[in-house]
Structure formats: structure tokens, C-alpha cells
1. Using Kirkwood radius over Cα pairs in Å as the read-out, say which of (1) 22.8; (2) 18.3; (3) 14.9 was calculated from these coordinates.
2. Label points 7 Å out from Cα along the Cβ direction at Leu44 and Lys82: separation in nm?
3. Could you work out how far helix 86-95 tilts from the main Cα principal axis of the chain, as a 0 to 90 degree angle to the nearest 10?
4. On a 0 to 90° scale, report how tilted helix 63-80 is relative to the longest principal axis of the chain, with both axes built from alpha carbons and the result rounded to the nearest 10.
5. Which residues does the label zone of Leu55 cover in segment 69-95, counting backbone N under 18 Å from a point 7 Å along Cα→Cβ?
6. Only Lys, Arg, Asp and Glu count, each charged at its Cβ (+1, +1, -1, -1), so figure out the dipole size of the chain about its Cα centre, rounded to 20 debye.
Amino acid sequence: MDLIDFLRDTPSWALLLGVANPLLVSLVNQPHWSKPVRQTVAVLVAVVVGVLGCLADGTLGETRTVLQVVAIVAVASHAAYKTLLHHVTTPIEEATSRKQDYDLAS
């Protein structure tokens, strides 16, 4: 498989989107949310990213492909988060948290 074939391969794109997905999820998730809420947000973002990937690829009308891409994105996202990106996403969540103490007197 050469580079051009890789770029045309929908599952390969889904895998790359899945690995990058935890970084996107960390922008949305808030540290003060409960674990089930945070997990639900992560799954919903994976579904949206998978559907957008199919839309960009032109395979949105193929139900089987959409389900495969969403599954690949979700599994790759979870694996990347657990193995590589956990220590990277936590500071991003804290930095983008809306629940911060602001000193309004200054």
C-alpha cells in the first residue's frame, strides 16, 4: 500500500481521527463533571467525528461504512487516551475549564 492508497482508505482515516479525538474531547470535557457524563461526551464526540469523516470521504450514504468508521474512531480514541494521551488531556481540560475562580476585585 503506497501513500496514495492510504489517503484514499476510509478505515485508515478513521484510525487517525480516533487517535486525535481525545485531544478534541479534552477541549469539551470539564474536570468537575462526573465520570459518566465525561464518558458520554467522549462517545458522542467520537460519533460526530466519525460521521464528519464519512461526510468528508463521501461515504455518508453507506450505513455499514458509517458504523464501521464510528466504531474505529471510538475504539482508537479510547485506546489512544488510555495508552498515550491521558497525561496530555488532563491539563488541557483544566486549562479550558469554565469553572475557574476569578478574582473580580482586581
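1. (3)
2. 2.4 nm
3. Orientation of helix 86-95: about 50 degrees from the principal axis.
4. Tilt of helix 63-80: around 50 degrees.
5. Within reach of a label on Leu55: 69-71, 73-74.
6. About 360 debye.
Every number here is computed from the coordinates shown, using simple stated rules; none is lab data. These numbers were taken from a predicted model, which means no experiment stands behind them. Note that each Cβ is placed from the backbone with ideal geometry, even for glycine, and that neighbours are counted across all protein chains shown.
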